[in-house]
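The values are calculated or read from the model by the stated rules, or taken from the named source; none is laboratory data. The shown structure was predicted, so the numbers you read here are calculated from the model rather than taken from an experiment. Don't worry about glycine lacking a Cβ; one is built from the backbone with ideal geometry, like all the others, and counts go over all protein chains shown. Areas reflect the complete protein model, heavy atoms only, side chains present, ligands, DNA and RNA absent. Shrake-Rupley method; radii C 1.70, N 1.55, O 1.52, S 1.80 Å.
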Amino acid sequence: MIKVQDIVYVAHRAPDLEVHASFLSDFGLVEVARTADRLYMRGAGPYPFIHVTELGEPGFAGVAMLVGSAAELEEASRLPGASAIEPAEGPGGGQRVRLTAPDGYRVDLLHGMTLVDPLPLRAPLPVNFAYEKQRVKSFQRPSHEPAQIVRLGHCVLKFSDGDAAAKWFRETLGMLVTDRLHVPGDQAATLGNFLRCDRGDRPADHHTIFALNTPGDINVHHVSFEVQDPDAVHIGHEWLREKGYKAAWGVGRHLLGSQIFDYWRSPWGYMFEHYADGDLLTADMAAGDYPATEENLAQWGPALAPRFFESVVVD
Ligand SMILES: [Fe+2]
């Protein structure tokens, strides 16, 4: 059975690679390669790239995930509507099988890419807790810089049927439902399903895909990248604000997943999230079910931004 093990990269389309490169650099990604119609950017972690911009009309182009073995890629190639096993595009090579998820989302499964050496990363800041001091005669002096991104964490997509989408990710990619969100006051009405990778006893992020149920509104909601620690989230916020980008919501702490979050709009209005300190789960944890109240979206932080659920906000 296919069990995706991680999310590797997401792809957006943009009509100007240079403008997108500038935003993504200020967001904390590092350019690794560029062609006439592709821009590849990495984080500090070992994947050769974690974001690709495809030249074209603004939009979301897809997500790529890692499978654990060549045999799983072979199995994927026999799924209905799957591509053959093809060379993967971009730095790092490897092989891919291209699938189409419900509502037409492109999901590439990857195997055999060459990993790269991690980039130098600021060490986590040692915190002096009230009764647990980690720092004496040393000072907190993090640099004022873009929030250095370590890795891609998750991708949130809007579907015409959020339960059917979750079923596809469970049955096709072996993912597990971590938590379900329902409409407050109507437990039967799904608002979305958080899905994590089944890595057995190895911890996985609370969610790698969040499948929202939004009939009539099919688009990406946001993509989310992990940074070193909460200070990086706040310093990244200052950096983006000073550069004149549009803040979407944050800084706050989510309830489901517990991430300290901060959301920004790209030059074409798409939402990109920084996060730190998210929850990790093993495969043996039963799914939860929560009403989608504001208290269940964030434990602290600014009031929910009125346009947060809009996929694209440019004005
Ligand atoms: Fe998120």
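Remarks
- Looking only at the stretch 221-238, residues that are open to solvent by 30 Å² or more (accessible area, probe 1.4 Å) and either among the charged types (D, E, K, R) or within 11 Å of the ligand (Cβ to nearest atom) (or both) come to 3 in all.
- Residue selection: Arg265 satisfies the criterion of being closer than 24 Å to Phe60 by Cβ, surrounded by 15 or more Cβ atoms within 10 Å (Cβ to Cβ) and among the basic types (Lys, Arg).
- Taken over the stretch 248-258, the criterion of being open to solvent by less than 10 Å² (accessible area, probe 1.4 Å) and near the ligand (Cβ under 10 Å from one of its atoms) is satisfied by Gly257 alone.
- Just one of the listed residues (Leu181, Leu152) is in contact with a Gly (Cβ under 9 Å, 6 or more places away or on another chain) and under 30 Å from Ser25 (Cβ atoms), namely Leu152.
- Number of residues in the stretch 280-290 that are more than 20 Å from the chain's Cα centre (by Cα) and assigned to a loop (DSSP other than H, G, I, E, B) equals 4.
- Residue match in the stretch 265-272 (condition: touching a helix residue (DSSP H, G or I) at 6+ places or on another chain (Cβ under 8 Å), within 11 Å of the ligand (Cβ to nearest atom) and modelled with pLDDT of 95 or more): yes
- Residue under evaluation Ala64, criteria (1) closer than 24 Å to Val233 by Cβ; (2) under 14 Å from the mean Cα position of the chain (by Cα), criterion not met: (1)
- Filter pass, Arg241 being open to solvent by 60 Å² or more (accessible area, probe 1.4 Å) and either at pLDDT below 95 or farther than 18 Å from Gln148 by Cα (or both): no
- Pairs where the first residue, in the stretch 287-306, is closer than 27 Å to Met175 by Cα and the second is acidic (Asp, Glu), C-beta under 6 Å, 6+ apart: Gly288/Asp179
- Residues of the stretch 21-39 satisfying the condition of being of a type outside the set (Asp, Glu) and surrounded by fewer than 16 Cβ atoms within 10 Å (Cβ to Cβ): Ser22, Ser25, Ala33, Arg34, Thr35, Ala36
- Test result for Ala165, surrounded by 21 or more Cβ atoms within 10 Å (Cβ to Cβ) and either over 14 Å from the mean Cα position of the chain (by Cα) or of a type in the set (Val, Ile, Thr) (or both): yes
- Against the criterion of being crowded, with 20+ Cβ neighbours inside 10 Å, in contact (Cβ under 8 Å) with a residue 60 or more places away in the chain and either under 21 Å from His20 (Cβ atoms) or among the aromatic types (Phe, Trp, Tyr) (or both), Phe272 qualifies.
- Pair list, Cβ < 6 Å and 6+ apart or interchain, from the stretch 100-114 residues that are in contact (Cβ under 8 Å) with a residue 60 or more places away in the chain to residues that are of a type in the set (S, T, N, Q) and surrounded by fewer than 21 Cβ atoms within 10 Å (Cβ to Cβ): Asp103/Ser160
- Subset tally (residues that are within 17 Å of the chain's Cα centre (by Cα) and either of a type in the set (A, V, I, L, M) or under 20 Å from Glu273 (Cα atoms) (or both)) for the stretch 198-220: 11
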